[in-house]
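Heads up, the thing below is written out as structure tokens.
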Amino acid sequence: MSDRRQGHGSGRDDRRGRGRGRQDRRDARGRTRNRGRSGAGKHYSAAAPSQRTRQADPARAVAYEVVRAVHQDDSYANLVLPQRIRARRLDRRDAGFATELTYGTLRGIGLYDAILAECVDRPLEDLDAPVLDALRLGAHQLLGMRVPAHAALDATVALVRERIGAGPSGFVNAVLRRISETPREQWLDRVAPEDGSEKSLGIRHSHPAWIVRGLRQALVSHGADAAELTDLLEADNAAPVVNVVALPGLGDIGPVLAAGAEPSPIAPDAALHAGGDAARLPGVRDGVVRVQDVGSQLTARALASVPLGGQAHDDGPVASGASGTEHWLDLCAGPGGKAALLAALAAERGAHLLANEVADHRADLVRGALTAVPQRAWTVRAGDGRRISEAPEAAPGFDRILVDAPCTGLGALRRRPESRWRRTPADLAVLTDLQAELLDAAVGALVPGGVLAYVTCSPHPAETVVQTEDLLRRHPELEQLDAAQALQSVAVGDLGLPATKTAQLWPHRHGTDAMFLALVRKPA
């Protein structure tokens, strides 16, 4: 492989005349002089060779490993990062640094790649992937974290030496040094002038332009102001606080609050935790306190609370079967967060939840999520949700059905930053077709008087309001319920939702994922 493919090129170090030339490029203290760009003058490295760091520090090594796993293996950072932190036994401070470096780098790829393209003399796709990821990590330290420039350069170059090789380290040093010469705001003005265009907004806030367009449309479709777009994009790039919920009748949020968490301002029995590993909170290891976004909590509670056909708001369960037990269905239950909350609510009310998941391994995750709930209250099934009516467990039908359908996940970009770079506009067509098929199957399994909740973690109009309108067009017998009122009825604070039949939560308004809820009821 040529030197250029190994990452040599921009800011190339002079390898000719290894004797006389190298000696001439050192100062009196032994520091190496960089040849610099034409007209830019010469400068010396920050440390003599004997003083340079040769080994990656554990926190940066973890961040590098996670970013590489995301790009090389299509892994998810929220799954890999905790494993690597524990494997490396990072203390709280290093774990926090690794977390910010990992997520900040993944969120900021759009901006950092635009800046790197200004500093590298070839297309970024021609760089070896490990070198490019190391440059992104260095760029985030320089432009997105309060890391001194000399420390960011020294540590990133050491990481490259250890993990990639000595060859590319000079290239990485030269590129990052060039980035460090210009402040962040000047870089923003250079690569993304503030002209209001989707392209410029996308680079400035590290979102693909098609997502910027979709979020702008979503704000308008859900009764918000398009002028909130910048706030929404910024909220997507803010580090989210961990949300936890105590399962009704099983967990206690009190010890969690005593451990330093803050009570959720909008959800009952919920807390916000910003103090490190949530697995150490009381009740989490036992499964009676669960990590779950507040928006997800509220949508599950709304489905459980809305009255069935012919039922007053506070009446007992309606018997859909001979046993007199109310039957609930979570049609797309994996990995089990909403299913656990629904199962706990079902156990309290004498109802029974069937949690369906298409993939066997994800069905196993659901079983694990439900272990803390009395087993009389739930059953897990692996099978295609589009054929739920054929399942023996589906007789005699369901009183409450949750369709938390597969979607683009544009509402959870702050928690899954890699998703913004993986999704494409073509995914919308595939996913909206699947959502429609799942909704039709759910309607077929709904008993007269039963309620169906359609939930997505995406505000995109095609996956939310348009999908709901199409559902009602295909099934004109369905009655659309006031989802905003249902959501507000289970909240503890004012959600400030507009007067629309559907409900949309927002990261920049509510501090939740951008969860969407629509409710329909089959006439009794």
Can you order the peptides 135-143, 410-418 by their average number of other Cβ atoms within 10 Å per residue, highest first? 135-143, 410-418
May I have the pair-distance distribution P(r) for the chain, computed from all Cα-Cα distances with 10 Å bins from 0 and rounded to whole percent? 4, 17, 25, 22, 15, 9, 5, 2, 1, 0
Relative contact order computed over the chain (Cα-Cα under 8 Å; 6+ residues apart), in percent: 12
Where the centroid of each part is defined by its Cα atoms, how far is segment 104-120 from segment 190-225 in Å? 17
Residue by residue through segment 432-445, the couplings from Karplus 6.51 cos²θ - 1.76 cosθ + 1.60 with θ = phi - 60°, in Hz, x for Gly and Pro, are 5, 5, 5, 4, 5, 5, 5, 5, 4, 5, 5, 4, x, 9
Checked segment 294-521 against the a/c 1.5 cut and the a/b vs b/c comparison, axes a ≥ b ≥ c from its Cα gyration tensor; verdict rounded
With +1 on each Lys and Arg Cβ and -1 on each Asp and Glu Cβ, and nothing else charged, work out how big the dipole of the chain is about its Cα centre, in Debye to the nearest 20. 3440
Give the order of LYS199, LYS522 when sorted by the count of other beta carbons within 10 angstrom, beginning with the fewest. LYS199, LYS522
Which Cα, out of TRP421, THR156, LEU215, lies furthest along the positive dipole direction of the chain (beta carbon charges, K/R +1, D/E -1)? THR156
Among DSSP beta bridges lying fully in the chain, give the percent that are antiparallel, nearest 5. 55
In whole angstrom, the spacing between the Cα centers of segment 168-186 and segment 262-308 equals 43
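Can you work out the FRET efficiency for the pair ALA499 and ALA166, with r the C-beta to C-beta distance and R0 = 60 Å, to the nearest 0.05? Walk me through the intermediate numbers first.
On the way: r = 64 Å, r/R0 = 1.07.
With a Förster radius of 60 Å, E is 0.40.
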Additional length obtainable on full extension of the chain from ASP126 to ASN78, 0.36 nm per residue less Cα span: 14.4 nm
Taking 60 Å as R0, compute the FRET efficiency from the Cβ-Cβ separation of ALA227 and ALA279 and round it to 0.05. 0.90
About the Cα centre, charge dipole magnitude for segment 443-524 (Lys/Arg +1, Asp/Glu -1 at Cβ), debye: 100
Roughly how many Å is it from the Cα centre of segment 399-418 to that of segment 73-88, as a whole number? 21
Which one, PRO498, LEU471, ALA87, projects farthest toward the positive side of the charge dipole computed for the chain from Cβ point charges (K/R +1, D/E -1)? ALA87
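Could you calculate the contour length gain from GLU479 to ALA259, that is, 0.36 nm times the residue separation minus the distance between their Cα atoms, to one decimal place in nm? Mind showing how you got there, number by number?
Values: separation 220, 0.36 × 220 = 79.20 nm, distance 4.47 nm.
Extra length available between GLU479 and ALA259 comes to 74.7 nm.
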Select from ALA271, GLY170, THR230 the residue farthest towards the positive end of the dipole of the chain; place +1 on Cβ of Lys and Arg, -1 on Cβ of Asp and Glu, and compute about the Cα centre. GLY170
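Neighbouring Cβ atoms within 10 Å as the yardstick, rank HIS508, HIS207 fewest first.
Values: HIS508 18, HIS207 26.
Fewest to most other Cβ atoms nearby, the residues stand as HIS508, HIS207.
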What does the highest-first list of 438-449, 510-521 look like by mean Cβ count within 10 Å? 510-521, 438-449
Pairwise label distance in nanometres, LEU472 with GLN186, each label 7 Å out on the Cα-Cβ vector: 5.5
Each label point is 7 Å from the Cα along the Cα-to-Cβ direction; what then is the distance between the points at ASP195 and GLN375, in nm? 6.4
Dipole moment magnitude, nearest 20 debye, segment 294-521 about Cα centre, only Lys, Arg, Asp, Glu C-beta charged: 600
Students often check this: by mean Cβ neighbours within 10 Å, which of 151-164, 291-304 ranks highest, and how do the rest follow? 291-304, 151-164
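The numbers here are math on the coordinates, done by the rules we state, and not lab data. Since the model is a prediction, treat every value here as computed from it, not as a measurement. Note: ideal-geometry Cβ built from the backbone for every residue, glycine included; neighbour counts use all protein chains shown.
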